[in-house]
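Comments concern the structure below.
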There are 2 protein chains.
Amino acid sequence: MPAKAKDAISKQTAAKIEKLAESVLKTVKGGKNPFLDIPVRSLANVSFSEKKRLIELGNQKQKRYFFNVSMAKRFMQTFLVSEACKELIDAGKTTSIRDLYYITKHTIGDTKQNTFEDQDESDPIIEDLEVTVDALREELHLFADPKGAMVGPVTVVDSGDTIDLRRMGSGGWSVPSIVEENIVQFRKHEAKYILLIEKGAVWKRFNEDKFWQRDKCIIVHGGGQPPRGVRRLVQRMHKDLKLPVYVLVDNDPWGFYIYSVVKQGSINLAFESMRMAVPDARFVGLSSFDKDKYQIPNNVAIKMNDGDNTRAKQMLAYPWFKNARWQREIQEMVRSGQKFELEALSRRGISFITEEYLPKKLKDKDWLE
Amino acid sequence: MPAKAKDAISKQTAAKIEKLAESVLKTVKGGKNPFLDIPVRSLANVSFSEKKRLIELGNQKQKRYFFNVSMAKRFMQTFLVSEACKELIDAGKTTSIRDLYYITKHTIGDTKQNTFEDQDESDPIIEDLEVTVDALREELHLFADPKGAMVGPVTVVDSGDTIDLRRMGSGGWSVPSIVEENIVQFRKHEAKYILLIEKGAVWKRFNEDKFWQRDKCIIVHGGGQPPRGVRRLVQRMHKDLKLPVYVLVDNDPWGFYIYSVVKQGSINLAFESMRMAVPDARFVGLSSFDKDKYQIPNNVAIKMNDGDNTRAKQMLAYPWFKNARWQREIQEMVRSGQKFELEALSRRGISFITEEYLPKKLKDKDWLE
């Protein structure tokens, strides 16, 4: 198929896949057992870098051989997936990891054997390919389900369309899953910072109150745990537009976890932290001490359950929560046995969060890092 | 609090709430036990109207008295919720039903009694209020979590911002939860129909392939089961812009259910069908017969599980699925024991769904109604 004119990123990624294939081919021609050198993605090869302040993958690699009964199938699968990604890139198209599973699912020859039985088999192969050729899945032209919205004093270009995020009404711009430089570029902006909000409903409060206009900031939400597109976009704006990032989440272990993934990445996807994490991100609450500072009545507290307590105690041991303020923060949550949703602030008034809570947090520099 | 200048819909809704309060007050002044006349929302009062082709609420009502031990609390709750909604409307603000729960949660006097223990108590009260004053919750200024995106040859105005949905890049316009006439208006359009797609990932395929530009249609998805905002918007475009609606879902009982809710509403929210349902909506697949028509290989089929079979058999009995073609459709699904995701079409090529499948379906008028 004749390749479409490719952008720089797509050219680079296609070249990486070709190089991988060529190196294997060379081994075959040399009469050797072809193999792939794949970075190990297990917990043993993951660590928190104090210097970079993010969770990263170590240097351990494992060889996957073609002539090896236990490895041959995965070797073949890796090439099926890389071939499909190369075709996507050449065609200038993107697709979902679910779709990729269907695209690469064949019955092999006359056997009853399938290349993949289900998506649980193809997903890890995609991750293998990402680390092996050092390309995010978005660069391999694979997307996740879109989730999240954004507005603010910034103009973006998305797939050639110029979009003024100052004029997006109540809905906002739906953040796409692939936001690499070849798809999304930034134009004129007057923003002073980025506010990443856990919940869509709370984001709507900030949008309706035109907080972003008043306080010159970009507001974005990810509908709960932010999807890859939102995290990558926040990182890109942080770096390219030099904007600080503030994270606004519930006061519960899940909210703290969301913040920590935004800040230093996750253990499961350690190899992507470099492209996703924002080590300078600041936590602007809800803090376990805000119930007193902002007089949140006791009857809107939610009791911590066993799962919450276990999670909170695990967090106390994480290296990225080991500074004194975070220890105090998490211990207070455990001690009180209470958690609070952002919506609990509405007990003080529907716009309390946009008019008093957040302005005071920012003015007092009352955040955790 | 001085009321902001209100739009016509907000004025009307505020007046409905006032009228409710006044009628109760009058009863009190007349020395009688005040009550509310609340339409019954149980299954017994729900039926499928053959004429209107939608699921609707019957005329049964029940009286909720103030001076009645078992009813007093709910009577009080109904007024708390209606007062909060009235305040929202007066302030020109909207909020989530979660937030409303927090706003209306008080401890009563010196007792340890709360107005609401949890949201499970306030949500049904909101539904009571909706049916009692005959206003959608969106008209009461309450929103659901935003979900779904839309692009196409149409210009919309959202909260005063004019947005050209022909130039929304890969992300699209995030469909807001409240899309009543006072928030969202339609401007110039060249669309010939609306395509409602179950899945965000499939919608991305249609957007990337610029199907909407080529075929002059509006494409919208709801990230699975479409949220209220998407359903209401589709109904408004269907009525106001006189556009036919086509629904593209997975070939499984869940996909059929999504279609049926779009078409005739749901049993749980029967009182909203009039404002949400599109009885003329057409099902463009996946059909249980498409595996042969479009040569979808057997190895991408998914085996029906027990839950699927039970759901499918229930569907055979629903009055809205009783025509011969739907019976044949569901029976084939049960007979084959197979279901298919939309993504299974990608086995025939990544853009098979936009270039061959849907164009042929529409050209052959091969849809179910």
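The values are calculated or read from the model by the stated rules, or taken from the named source; none is laboratory data. The shown structure was predicted, so the numbers you read here are calculated from the model rather than taken from an experiment. Here Cβ is always computed from backbone atoms with ideal geometry, including for glycine, and neighbour counts include all displayed protein chains.
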Can you spot a residue in the stretch A:233-252 that is among the hydroxyl-bearing types (Ser, Thr, Tyr) and within 23 Å of A:Phe143 (Cβ to Cβ)?
-> no
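What do you reckon, is B:Tyr101 without any contact (Cβ under 8 Å) to a residue 24 or more places away in the chain, of a type in the set (Phe, Trp, Tyr) and surrounded by 13 or more Cβ atoms within 10 Å (Cβ to Cβ)?
The answer is yes for B:Tyr101.
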Can you name the condition, by its number, that A:Gly171 falls short on among (1) more than 8 Å from chain B (Cβ to nearest Cβ); (2) of a type in the set (Gly, Ala, Ser); (3) touching a Gly at 6+ places or on another chain (Cβ under 9 Å)?
-> (1)
Note on the stretch B:193-208: residues in contact with a helix residue (DSSP H, G or I) (Cβ under 8 Å, 6 or more places away or on another chain) and not in a helix (DSSP H, G or I) are B:Ile194, B:Leu195, B:Leu196, B:Ile197, B:Glu198, B:Lys199
Going by the structure shown, is B:Leu43 under 22 Å from the mean Cα position of the chain (by Cα), hydrophobic (A, V, I, L, M, F, W, C) and not assigned by TED's automatic domain parsing to the domain that holds B:Val278?
-> yes
Those residues of the stretch B:297-324 which are surrounded by fewer than 13 Cβ atoms within 10 Å (Cβ to Cβ) and in contact with a Leu (Cβ under 9 Å, 6 or more places away or on another chain), in sequence order | B:Lys322, B:Asn323
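Got a sec? Which of B:Asp120, B:Asp110, B:Asp90 is part of a loop (DSSP other than H, G, I, E, B) and surrounded by fewer than 20 Cβ atoms within 10 Å (Cβ to Cβ)? Can you show your working first?
On the way: B:Asp120 fails: part of a loop (DSSP other than H, G, I, E, B); B:Asp90 fails: part of a loop (DSSP other than H, G, I, E, B).
Every option except B:Asp110 fails the conditions.
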Subset of the stretch A:295-344 (residues that are charged (D, E, K, R) and in contact with a Lys or Arg (Cβ under 9 Å, 6 or more places away or on another chain)) | A:Lys303, A:Asp308, A:Lys339, A:Glu341, A:Glu343
All conditions in (1) out of contact with any Lys or Arg (no Cβ under 9 Å at 6 or more places or on another chain); (2) closer than 20 Å to B:Trp203 by Cα are true of B:Ile350 except (1)
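With the requirement that a residue be more than 14 Å from every other protein chain (Cβ to nearest Cβ) and of a type outside the set (Val, Ile, Thr), what does the stretch A:178-224 give you? Give the derivation first.
Filtering the stretch A:178-224 for residues more than 14 Å from every other protein chain (Cβ to nearest Cβ) gives A:188-196, A:214-218.
A:Lys188, A:His189, A:Glu190, A:Ala191, A:Lys192, A:Tyr193, A:Leu195, A:Leu196, A:Arg214, A:Asp215, A:Lys216, A:Cys217, listed by residue number.
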Looking only at the stretch B:114-152, which residues are touching a strand residue (DSSP E or B) at 6+ places or on another chain (Cβ under 7 Å) and free of Cβ contacts under 8 Å to residues at least 60 places away in the same chain?
-> B:Asn114, B:Ile126, B:Leu142
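Looking at B:Gln225, B:Gln213, B:Gln235 in this structure, which one is polar (S, T, N, Q), within 23 Å of A:Gly171 (Cα to Cα) and at pLDDT below 95? Steps first, answer last, please.
Values: B:Gln213 fails: at pLDDT below 95; B:Gln235 fails: at pLDDT below 95.
That would be B:Gln225, the only listed residue that is polar (S, T, N, Q), within 23 Å of A:Gly171 (Cα to Cα) and at pLDDT below 95.
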Enumeration of residues in the stretch B:173-197 that are buried (at least 24 other Cβ atoms within 10 Å of the Cβ) and of a type outside the set (A, V, I, L, M) = B:Trp173, B:Ser174, B:Pro176, B:Ser177
Counting only residues in the stretch A:141-153 that are under 16 Å from the mean Cα position of the chain (by Cα) and of a type in the set (A, V, I, L, M, F, W, C), the one farthest from the other protein chains (Cβ to nearest Cβ) is identified as A:Leu142
Residue within the stretch A:146-153 that is among the basic types (Lys, Arg), buried (at least 20 other Cβ atoms within 10 Å of the Cβ) and either at pLDDT 95 or above or assigned to a loop (DSSP other than H, G, I, E, B) (or both) present | yes
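Please specify each residue of the stretch A:205-223 satisfying the condition of being touching a Gly at 6+ places or on another chain (Cβ under 8 Å) and of a type outside the set (Val, Ile, Thr).
Answer for the stretch A:205-223, where residues must be touching a Gly at 6+ places or on another chain (Cβ under 8 Å) and of a type outside the set (Val, Ile, Thr): A:Asn207, A:Trp212, A:Cys217, A:His221, A:Gly222, A:Gly223.
I need a count of the residues in the stretch B:209-267 that are outside any helix (DSSP H, G or I) and in contact with an Asp or Glu (Cβ under 6 Å, 6 or more places away or on another chain). Give the derivation first.
Here is the first cut: in the stretch B:209-267, the ones outside any helix (DSSP H, G or I) are B:209-210, B:215-227, B:241-252, B:265-267.
Subset that is in contact with an Asp or Glu (Cβ under 6 Å, 6 or more places away or on another chain): B:216, B:249-250.
So the count comes out to 3.
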Which one is farthest from A:Ala201 (Cα to Cα), of the residues in the stretch A:123-145 that are modelled with pLDDT of 90 or more and assigned to a loop (DSSP other than H, G, I, E, B)?
-> A:Asp134
Among what's in the stretch B:154-167 and is in contact with a Ser or Thr (Cβ under 6 Å, 6 or more places away or on another chain) and either in a strand (DSSP E or B) or closer than 17 Å to B:Lys192 by Cβ (or both), pick the residue that is farthest from the other protein chains (Cβ to nearest Cβ).
-> B:Asp164
Mind checking which helices (runs of 4 or more DSSP H) fall wholly inside the stretch B:279-369 and carry at least 1 residues that are acidic (Asp, Glu) and more than 14 Å from chain A (Cβ to nearest Cβ)?
-> B:290-293, B:306-317, B:324-336
Identify the single condition in (1) on the phi > 0 side of the Ramachandran plot; (2) surrounded by fewer than 17 Cβ atoms within 10 Å (Cβ to Cβ) that A:Gly265 does not satisfy, given that it satisfies every other one.
-> (2)
Can you work out which of the residues in the stretch A:168-192 that are part of a loop (DSSP other than H, G, I, E, B) and of a type in the set (Val, Ile, Thr) is farthest from A:Leu136 (Cα to Cα)?
-> A:Val175
Unmet criterion (only one of (1) touching a helix residue (DSSP H, G or I) at 6+ places or on another chain (Cβ under 9 Å); (2) at positive phi) for A:Gly171 | (2)
